[in-house]
Amino acid sequence: MAEVKVKVQPPDADPVEIENRIIELCHQFPHGITDQVIQNEMPHIEAQQRAVAINRLLSMGQLDLLRSNTGLLYRIKDSQNAGKMKGSDNQEKLVYQIIEDAGNKGIWSRDVRYKSNLPLTEINKILKNLESKKLIKAVKSVAASKKKVYMLYNLQPDRSVTGGAWYSDQDFESEFVEVLNQQCFKFLQSKAETARESKQNPMIQRNSSFASSHEVWKYICELGISKVELSMEDIETILNTLIYDGKVEMTIIAAKEGTVGSVDGHMKLYRAVNPIIPPTGLVRAPCGLCPVFDDCHEGGEISPSNCIYMTEWLEF
Amino acid sequence: MTQAEIKLCSLLLQEHFGEIVEKIGVHLIRTGSQPLRVIAHDTGTSLDQVKKALCVLVQHNLVSYQVHKRGVVEYEAQCSRVLRMLRYPRYIYTTKTLYSDTGELIVEELLLNGKLTMSAVVKKVADRLTETMEDGKTMDYAEVSNTFVRLADTHFVQRCPSVPTTENSDPGPPPPAPTLVINEKDMYLVPKLSLIGKGKRRRSSDEDAAGEPKAKRPKYTTDNKEIFRSLPVGYNISKQVLDQYLTLLADDPLEFVGKSGDSGGGMYVINLHKALASLATATLESVVQERFGSRCARIFRLVLQKKHIEQKQVEDFAMIPAKEAKDMLYKMLSENFMSLQEIPKTPDHAPSRTFYLYTVNILSAARMLLHRCYKSIANLIERRQFETKENKRLLEKSQRVEAIIASMQATGAEEAQLQEIEEMITAPERQQLETLKRNVNKLDASEIQVDETIFLLESYIECTMKRQ
């Protein structure tokens, strides 16, 4: 009696079928699947077939191979990205990955070289390639103007690189700052004016002339003079410059956590003030502003008797 | 005594007392205390003249004398007293605002004569007032005396120590008979307080009211009720409002007024030192602003606030482009408004590895500015004298013409004749005279303004030195 060994061919032993199942699984778990998961799903497939299928998918660029603490992970690759990288070789992919990892702070070319261990000439060629394919871009850092950092094309550079809201293309926007400065000051001034004219008792007058940084921020946002979105910290830096101009004073009060505009349990209040003395006596005389003051003495080339600044001033 | 101060003293003495007094005075300021004979010898003037000059100076409290061992009397000039002469117009003005015309005239007489007895002053002032009043009325001596007593109470006027009449004609201490003198030290205490009152007024309109009346009281701490009682009648402030004003004043970040304890409804005290420091700082800031621009002023205030700051941080905080910020910092550094503090990272002090911090030392900047003020006033006085000298001929002519007109009016001349005389001064000459008068007035006013700065800075420096 001959035993008929019937090898039951599993219905989905077809390699293509395996690949499709794996891809489906990847779609199910977009964060990536381990080898274990695939094995559980298709227990009847041998390890070798599984390996073959996975390798094919990797080489076709449809799967991403990642390493995690538990082992290897397979992740479905974004089809868009998959298309992009076609035609690039592995080195470029490596560099691209390094730059991607740098996030929006960007990475300097020397750092790329260290991480990838590729020679300088290769790196430069690859970077140029990627740039021309519009996959990465170079951004000049505002801190060191000679340094160029690379980051992915569609990413917004981080504030520390571009300098934040006050820099546009590495140029400090002084007029923008000036305009904001004046607007904030006008706002605070008008608030103080209304408070003063309300003629109520002095305590209320003073308290109502205060404006919190949040209020000023809202006002500036509503004015819409800024193309860039400004945060409350930005407004606070502008208000600080007003303090250094001597036009505004600030107090900090304790505020409950829930109130609008409070940060860490306190709020900053600002108020327009008048200067405590008018321009002092010395500067009303020409000598106070004279650039050649030290050379001036009686009987010399420059003396009070023939001082041209005085003559002008007297004719005024 | 710096060169600038000595120059200024010499100009002032010359203007007020003449050449000889100036020579003696400046010599004394330069060389400190000297006996009579040495002065005469060094300056080359006769003994007689030296004695007269010293008389004048002592009468005006500019020179004091002392008996040293072996019976030698030495004379010493006080430079600061001479510089106070700049402030006389302000004293007169303050008295006028506080005590009206009578007070003004009293102070004026005393300043002109240095020292006077009370009866002499009262008589002179009353006579002067009688002249200006309508015919038939005479000034009451009692009224003048009253004002005088009030002035003495508030320390505008002070009695000199009296000398026991000794047979010995040696001019030993203590000095003269009961004569009176303007006590200049206290004199400028009262203007100082009212100056602060004015300063507060400018600060914000809603906080001035309570400041002024309180400033007049010389006590150290004042409590709530006393303030309320001492407010002038016309103010019409209720107690609660007054309380609120006081709280506001005490809470103000400038810290002019402090609250020390709650007894009697709150005890309030004026922080003179803080007030002077703020005013001195404001003066410095104003000078920086006018000389270098408002951006520089921003940087200056920034460094003041942060005490020590690096260059990079200056750019960030002040929101000024790096190049300009650097330029301004260096300019202020070169003019000695700022100084640099080095903090080395490595023992070899290598510049690339050292922190350089900018800082402002208010005391030294104030001193520097004070010196500049003295020189400025000297310049202004010189210019004024120069202008007057230039037009001396014209001035003399106009004086002669005026004298002629006055005498002719007294003898009852006709209108036509007066016209003729007046036309001796042609129109362009008249114009010139006008310009001259305007210029001289302007220079005069400017001197007084610079003196205000001197007052603030000097008070601040003195106050700080006392505390140390």
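Return only the number of the condition from (1) at pLDDT 90 or above; (2) in a strand (DSSP E or B) that residue B:376 does not satisfy.
The single condition residue B:376 does not satisfy is (2).
Consider only pairs whose beta carbons are under 6 Å apart and that are at least six residues apart or on different chains; among these, list those whose first residue lies in the stretch A:171-199 and is in the same structural domain as residue A:222 (by the TED database) and whose second residue is assigned to a helix (DSSP H, G or I) and surrounded by fewer than 18 Cβ atoms within 10 Å (Cβ to Cβ).
Hits for this filter: A:187/A:219; A:195/A:208.
Condition first: among the aliphatic types (A, V, I, L, M) and either surrounded by 18 or more Cβ atoms within 10 Å (Cβ to Cβ) or over 17 Å from residue B:458 (Cβ atoms) (or both). Now tell me which residues in the stretch B:271-289 satisfy that.
B:275, B:276, B:277, B:279, B:280, B:282, B:284, B:287, B:288
Quick grid of which residues meet (1) within 11 Å of another protein chain (Cβ to nearest Cβ); (2) on the phi < 0 side of the Ramachandran plot; (3) surrounded by 16 or more Cβ atoms within 10 Å (Cβ to Cβ):
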| site | (1), (2), (3) |
| --- | --- |
| A:201 | yes, yes, no |
| A:214 | no, yes, yes |
| A:234 | yes, yes, yes |
| A:271 | yes, yes, yes |
| A:275 | yes, yes, no |
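This table checks each residue for (1) more than 14 Å from every other protein chain (Cβ to nearest Cβ); (2) part of a helix (DSSP H, G or I); (3) touching a Leu at 6+ places or on another chain (Cβ under 7 Å).
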residue: B:416; (1), (2), (3): yes, yes, no
residue: B:455; (1), (2), (3): no, yes, no
residue: B:458; (1), (2), (3): no, yes, yes
residue: B:464; (1), (2), (3): yes, yes, yes
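Taking the stretch B:328-356 as the search range and keeping residues that are surrounded by 12 or more Cβ atoms within 10 Å (Cβ to Cβ) and in a helix (DSSP H, G or I), which one is nearest to the chain's Cα centre (by Cα)?
B:332
When you go through B:82, B:50 one by one, which is the residue that is under 30 Å from residue B:373 (Cα atoms), hydrophobic (A, V, I, L, M, F, W, C), modelled with pLDDT of 85 or more and surrounded by 15 or more Cβ atoms within 10 Å (Cβ to Cβ)?
Among B:82, B:50, only B:82 is under 30 Å from residue B:373 (Cα atoms), hydrophobic (A, V, I, L, M, F, W, C), modelled with pLDDT of 85 or more and surrounded by 15 or more Cβ atoms within 10 Å (Cβ to Cβ).
Identify, please: which residue in the stretch B:249-261 is surrounded by 19 or more Cβ atoms within 10 Å (Cβ to Cβ) and not in a loop (DSSP other than H, G, I, E, B) and is, among those, farthest from the other protein chains (Cβ to nearest Cβ)?
Among those residues, the one meeting the criterion is B:257.
Just for helices (runs of 4 or more DSSP H) wholly inside the stretch A:167-252: which have at least 1 residues that are basic (Lys, Arg)?
A:174-197, A:202-208, A:213-223
Kindly provide the set of residues from the stretch A:27-54 that are in contact (Cβ under 8 Å) with a residue 40 or more places away in the chain and in a helix (DSSP H, G or I), ordered by number.
Once the filter is applied, which keeps residues that are in contact (Cβ under 8 Å) with a residue 40 or more places away in the chain and in a helix (DSSP H, G or I), the stretch A:27-54 yields only A:27.
Mind counting the residues in the stretch B:11-39 that are crowded, with 20+ Cβ neighbours inside 10 Å and of a type in the set (Gly, Ala, Ser)?
So the count comes out to 1.
Going by what's in this entry, would residue B:319 be described as crowded, with 22+ Cβ neighbours inside 10 Å and more than 10 Å from chain A (Cβ to nearest Cβ)?
The answer is no for residue B:319.
Being within 14 Å of chain A (Cβ to nearest Cβ) and either free of Cβ contacts under 8 Å to residues at least 24 places away in the same chain or touching a Phe, Trp or Tyr at 6+ places or on another chain (Cβ under 9 Å) (or both), is that true of even one residue in the stretch B:348-361?
Checked the stretch B:348-361: at least one residue is within 14 Å of chain A (Cβ to nearest Cβ) and either free of Cβ contacts under 8 Å to residues at least 24 places away in the same chain or touching a Phe, Trp or Tyr at 6+ places or on another chain (Cβ under 9 Å) (or both).
Filter the stretch B:290-316 down to residues that are within 16 Å of residue A:178 (Cβ to Cβ) and surrounded by fewer than 17 Cβ atoms within 10 Å (Cβ to Cβ) and give me whichever is farthest from the other protein chains (Cβ to nearest Cβ).
Applying the filter and picking the extreme gives B:293.
Take the conditions over 36 Å from the mean Cα position of the chain (by Cα), without any contact (Cβ under 8 Å) to a residue 60 or more places away in the chain and outside any loop (DSSP other than H, G, I, E, B) and apply them to residue B:364. Does it pass?
For residue B:364, the condition - over 36 Å from the mean Cα position of the chain (by Cα), without any contact (Cβ under 8 Å) to a residue 60 or more places away in the chain and outside any loop (DSSP other than H, G, I, E, B) - is not met.
Residue under question is residue A:224, and the condition is that it be touching an Asp or Glu at 6+ places or on another chain (Cβ under 8 Å) and not assigned by the TED database to the domain that holds residue A:311; does it hold?
Against the criterion (touching an Asp or Glu at 6+ places or on another chain (Cβ under 8 Å) and not assigned by the TED database to the domain that holds residue A:311), residue A:224 does not qualify.
Yes or no, residue by residue, for (1) loosely packed, with under 13 Cβ neighbours inside 10 Å; (2) within 10 Å of chain B (Cβ to nearest Cβ); (3) under 27 Å from the mean Cα position of the chain (by Cα):
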position	(1), (2), (3)
A:219	no, no, yes
A:250	no, yes, no
A:264	yes, no, yes
A:280	no, yes, no
A:285	no, yes, no
A:299	yes, no, no
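Please go through the stretch B:375-418 and give me each residue that is more than 22 Å from residue B:439 (Cβ to Cβ) and surrounded by 14 or more Cβ atoms within 10 Å (Cβ to Cβ), ordered by number.
Selection gives B:404, B:405, B:408, B:413, B:418.
The values are calculated or read from the model by the stated rules, or taken from the named source; none is laboratory data. In this text, all values refer to a predicted model and were calculated from it rather than measured experimentally. Here the Cβ is made from the backbone with ideal geometry for all residues, glycine too, and neighbour counts use every protein chain on show.
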